[in-house]
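**Q** Provided herewith is a single structure, encoded as structure tokens, for subsequent inquiry.
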Amino acid sequence: MGKLVEIRWHGRGGQGAKTASLLLAEVAFNTGKYIQGFPEYGPERMGAPITAYNRISDEPITIHSNIYEPDYVVVVDETLIKSVPVTAGLKEGGAVIVNTAKSPEEIKKELNFNGKVYTIDARKISEETLGAYFPNTPMLAAVVKITGVIPVDVFLNDIEASFKHKFANKPHVVPKNMEAVKRALEEVKGNE
Amino acid sequence: MPNLKELSKKKVRFTGGHRMCAGCGAPMVVNWILKALDDDERAVISNATGCLEVSTCLYPYTSWKDSWVHTAFENAAATCSGTEAAFKALKKKDLLMESISS
Amino acid sequence: MAKRVSLSGNEAVAFGMKQINPDVVAAFPITPSTEVPQYFSQFVANGEVDTEFVAVESEHSAMSACIGAAAAGGRVMTATASAGLALMWEMLYVGASMRLPMVLAVTNRALSGPINIHNDHSDTMGARDSGWIQLYGESAQEAYDNLIQAIRIGEHKDVQLPVMVCYDGFITSHAVENLEMLDDEEVKKFVGVKREAPFALIGQDPVSMGPLDLPNHYFEHKRLQAEAMKNAKKVILEIAAEYEKLTGRKYGFFEEYKMEDAEAAIVVINSTAGTAKFVVDNLRAQGKKVGLIKIRVFRPFPAEELAEALKNVKAVAVMDKADSFSAAGGPLFAEVRSAMYGRADGKIVTNYIYGLGGRDVTTTQIEKVYADLFNAIETGKYEVYNYLGVRE
Ligand code: SF4
């Protein structure tokens, strides 16, 4: 991947879309990429629609505007599909990744969108592996796989190391988080 | 507590020749407040804008034998809080000159 | 050895302050600068710095305490934005005229009213004549590099002036990007442990600072202050050269980007320069002779050097992220056009006020500016004063 990849995240305040975008920036950074991760600041009350952005490239990134024509769009909260034009400006050949229990076909219809659609049930995965709703970890894994911004094996090594660091005081949760990552990598499915 | 006679023997830290009105109470008050210091101590005085300030430090003269600072009208205490913080930090870092650090 | 890190602009500045380990930080929080004193007070609480942190009740008091600390001979830093800077106004002038080196990190944010938390340059542009040196930076890297150099510039014996280090609120302050940080030891060596204060409240001899200064002396003191600002030009370049040796990163009064044979140029400040570089690259790929000048040092203003850099262009658009409501263009425009007068005459010089209150600046908008310039070169017809990206 030589060129610039631009990703736009849609979520709701308090759900961690901003954190997820920063995590993606971090894992890409760790593999030697140039990165940007930034939210669009607005009223950040819990539940309000929020947007966050990533730029990832092998070259230094100088552009500092928001992203209007993303390569990928990530929807962390599927209820946003009804109120926010999530696919606006999405590049031809780009893709949408939605956190939902629905199939890519159903989402495609709801979005009224002709491009690639991927779905991942981050709720189910996180509840079954982590015992609570933490969509960030499975979403991150799905985004890494679909965007290909970094190789999956590199990602697996890196994320395991960062879980070990982050959960140094409770090492028993590391395998659970890794399980969430691996399931997301397998279960994300697409419709072209 | 020392009596008036003893206090009057202490070092004078605020000299005459300033331009306060003859008979003004303020210079006297300053003189007596500064007698709270021991003779070997040094002070930093923070002074708000006002008669006392404009009349006692008119460039290039000063009536103050201790360090004295004036910045503006409403912030003598805030200014002094910074000076105190700098003193603490320089002391902690062992960067004060010997004559002061004791 | 330099460390490759990913940090937000505010993190980079807070970590830079930690490496500098100043004597006193007196600060009051304001969006989007808040994180700087917030992170820094954690370093203080954890004992990672020796700094005395003064938690004050307003920015006016923050600057007053900084002045008191700098007058005492301490090395002093603080941070603010927007209305916070405005509340410091009275004290900015006092600090500069007392010739006290201090470093103030400003995350540029629009001034009220109406209240707006987003980026433009109305805050620091308003303070441009306060007597502070002003350094601007495009990215977290430049904010960090400017911060470290600012200590040396302000404290130089021929300068003795306070320095503002300005970077864009949210766009730079809150975006995570790649940068290189120096080792703690390298920073320590570069800035030195102690500020050399020629006189200080807590110094060899008692001093009186901040006297009443009447017509027979005031003017001479102001003249000396102006001379210090002139001296700063030389010092800024010396410190930049030293910093380049250490880091390999080159700094001057401004950055010239693809200016060699440029016919149409933009002059701009802070993060928009990055977006404009992207546009310059694209237009260059189409064979268009475009260039860019990004101002780093706004005070002192590098008038001669800038005129020299613009002497071969045909048209220049000066972009202001602040209006001065002069009905004759923004503050940067006024400076640039005045700098060119008599030195680089016969050019088309236009002004674009843009991005006020955080209005996002897109590549399309910047393409339009270059298109306008080429159109002006071809037809000779153009508007001098323009507003970019606003609904009319
Ligand atoms: S306070 Fe001022 S005006 Fe009043 S007597 Fe004293 S010097 Fe004179």
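**Q** Points 7 angstrom from Cα along the Cβ direction at residue B:10 and residue C:334: gap in nanometres?
**A** The modelled label-to-label distance comes out at 5.3 nm.
**Q** Under 16 Å from a point 7 Å along the Cα-to-Cβ line of residue A:152: which residues of the range A:115-139 have their amide N that close?
**A** Label zone hits: A:118-121, A:138-139.
**Q** Over all residues in A:97-110, what is the mean tally of Cβ atoms on other chains that come within 10 Å of each residue's Cβ?
**A** For this peptide, the per-residue mean of nearby foreign Cβ atoms is 0.
**Q** Next up: I'd like the orientation of helix C:59-71 relative to chain C: the angle between its Cα long axis and the longest Cα principal axis, in ° from 0 to 90, rounded to 10.
**A** The angle comes out near 60 degrees.
**Q** Another question about this same structure. Under a plain spin-label model, where a point goes 7 Å from the Cα along Cα-to-Cβ, how far apart in nm are residue C:377 and residue C:2?
**A** Rounded to a tenth, the inter-label distance reads 3.4 nm.
**Q** What is the mean number of Cβ atoms from other protein chains located within 10 Å of the Cβ atom of each residue in peptide A:54-66, rounded to a whole number?
**A** Per-residue shielding by partner chains comes out at 6.
**Q** At a Förster radius of 25 Å, what calculated FRET efficiency corresponds to the Cβ-Cβ distance of residue A:92 and residue C:368, to the nearest 0.05?
**A** Computed FRET efficiency for residue A:92 and residue C:368: 0.55.
**Q** In nm, what is the difference between 0.36 nm times the number of residues separating residue C:224 and residue C:385 and their Cα-Cα distance?
**A** My answer for the length gained is 54.4 nm.
**Q** Still on this structure, I have one more. Can you give me the Cα centroid spacing of the range C:92-118 and the range A:141-192 in angstrom?
**A** Distance between centres, Cα-based: 44 Å.
**Q** Further, regarding this structure: List every residue whose amide H lies under 5 Å from the amide H of residue C:318, counting only residues 5 or more places away in sequence or on a different chain, with H placed 1.01 Å from N in the peptide plane.
**A** Amide H neighbours of residue C:318, under 5 Å, 5+ apart: C:267, C:350, C:351, C:352.
**Q** Under 21 Å Cα to Cα from residue A:3, which lysines show up? Leave out anything in the same chain fewer than 8 places away.
**A** A:33, A:91, A:116, A:145, C:277
**Q** OK, next. Pop a pseudo-label 7 angstrom from the Cα along the beta-carbon direction at both residue A:79 and residue C:281 and give the gap in nm to one decimal.
**A** 4.1 nm
**Q** Oh, and also: Based only on other Cβ atoms within 10 Å, what is the fewest-to-most ordering of C:250, C:222, C:18? Please list the in-between numbers first.
**A** Numbers: C:250 10, C:222 13, C:18 19.
By the 10 Å Cβ count, ascending, the order reads C:250, C:222, C:18.
**Q** Amide H to amide H, which residues 5 or more places from residue B:69 or on other chains are under 5 Å from it, using H placed in the peptide plane?
**A** B:45, B:46, B:47, C:209
**Q** Calculated FRET efficiency, residue C:216 and residue C:345, Cβ-Cβ r, R0 41 Å, to nearest 0.05?
**A** 0.50
**Q** On a 0 to 90 degree scale, rounded to 10, what angle separates helix C:140-155 from the longest Cα axis of chain C?
**A** 50 degrees
**Q** Mean 1/r over all different Cα pairs, inverted: what Kirkwood radius does chain C give, in Å?
**A** About 21.3 Å, per the Kirkwood formula over Cα pairs.
**Q** At 222 nm, what value in deg cm²/dmol follows for chain B if DSSP H runs of at least 4 each add -39500 (n - 2.57) and the sum is divided by all its residues, to the nearest 500?
**A** Calculated at 222 nm, the ellipticity per residue is -11000 deg cm²/dmol.
**Q** Taking a ≥ b ≥ c as the square roots of the eigenvalues of the Cα gyration tensor of the range A:76-192, is the shape rounded (a/c under 1.5), prolate (a/b larger than b/c) or oblate?
**A** Note, shape of the range A:76-192 comes out prolate.
**Q** Along the Cα-to-Cβ line of residue A:189, 7 Å from the Cα, sits a label point; which residues in the range A:99-118 have backbone N less than 16 Å from it?
**A** Once the point is set 7 Å along Cα→Cβ of residue A:189, A:99-109, A:117-118 turn out to lie under 16 Å by backbone N, inside the range A:99-118.
**Q** If amide hydrogens are placed 1.01 Å from N in the peptide plane, which non-local residues have theirs closer than 5 Å to the one on residue A:13?
**A** Sorted by chain and number, the residues that satisfy this are A:47, A:48, A:50.
**Q** Mind checking which aspartates and glutamates have their Cα closer than 18 Å to the Cα of residue B:5? Skip sequence neighbours fewer than 8 apart in that chain.
**A** Qualifying aspartates and glutamates at Cα under 18 Å: B:38, B:39.
**Q** Taking the number of other C-beta atoms within 10 Å as the exposure measure, put A:57, A:162 in order starting with the fewest. Walk me through the intermediate numbers first.
**A** Details: A:57 19, A:162 15.
Fewest to most other Cβ atoms nearby, the residues stand as A:162, A:57.
**Q** Are there any GluC sites (Glu not before Pro) in the range A:79-182 that are in a DSSP loop and have at most 13 other Cβ atoms within 10 Å? List them by number.
**A** A:92
**Q** Now for a different question. Hey, got the average number of other protein chain Cβ atoms within 10 angstrom for residues in C:16-26?
**A** 3
**Q** Do the alpha carbons of any pairs in C:188/C:245; B:88/C:157; A:18/A:166 sit beyond 21 Å of each other, and which pairs?
**A** B:88/C:157
**Q** Going toward the positive end of the dipole of the range C:256-388, with +1 on Lys and Arg Cβ and -1 on Asp and Glu Cβ, which of C:380, C:271, C:369 do you reach last?
**A** The listed residue farthest towards the positive side: C:271.
**Q** What ranking of A:119, B:62, A:19 emerges when the number of other C-beta atoms within 10 Å of each C-beta is taken as an exposure proxy, fewest first? Before the final figure, lay out each step's value.
**A** Working: A:119 26, B:62 19, A:19 16.
Going from least to most buried by this count: A:19, B:62, A:119.
**Q** What ³J(HN,Hα) values, in whole Hz, does the Karplus curve 6.51 cos²θ - 1.76 cosθ + 1.60 give for the range B:26-36 when θ = phi - 60°, with x put for Gly and Pro?
**A** For the range B:26-36, the Karplus-derived couplings read 4, x, 5, 4, 4, 3, 6, 4, 5, 6, 5 Hz, x marking Gly and Pro.
**Q** To continue, here is another question. Percent of alpha carbon pairs in the range C:19-86 separated by more than 18 Å? Walk me through the numbers on the way to the answer.
**A** Values: 702 of 2278 pairs.
Roughly 31 percent, once rounded to a whole number.
**Q** Can you list the aspartates and glutamates whose alpha carbon sits under 20 Å from that of residue A:176, skipping same-chain ones fewer than 8 residues off?
**A** A:121, A:127, A:128, A:153, A:158, A:160, A:186, A:187
**Q** Same structure again: Roughly how far apart, in whole Å, are the Cα centres of the range C:18-86 and the range C:261-329?
**A** The two parts, judged by their Cα centres, are 34 Å apart.
**Q** Just from its helices, what would the mean residue ellipticity at 222 nm be for chain C, if runs of 4 or more DSSP H residues each count -39500 (n - 2.57) and the sum is divided by every residue, rounded to the nearest 500 deg cm²/dmol? Write out the running numbers ahead of the final one.
**A** Numbers: 12 runs with 159 residues, N = 392.
Mean residue ellipticity at 222 nm (helix-derived): -13000 deg cm²/dmol.
**Q** If one takes the longest principal axis of the Cα atoms in chain C, at what angle in degrees, from 0 to 90 and to the nearest 10, does the Cα axis of helix C:272-285 lie?
**A** The answer is roughly 30 degrees.
**Q** State the Cα centre-to-centre distance between the range C:348-389 and the range A:1-60 in whole Å.
**A** Using only Cα atoms, the two centres lie 30 Å from each other.
**Q** Take the Cβ-Cβ distance between residue C:263 and residue A:162 as r, set R0 to 45 Å, and report the resulting FRET efficiency rounded to the nearest 0.05.
**A** Once rounded, the FRET efficiency stands at 0.35.
Any read-out appearing in this document is the output of simple, stated calculations on the displayed coordinates, not a laboratory observation. Since we're looking at a predicted model, the values are computed, not measured. So basically every Cβ, Gly included, is an ideal-geometry build from the backbone, and we count neighbours across all protein chains shown.
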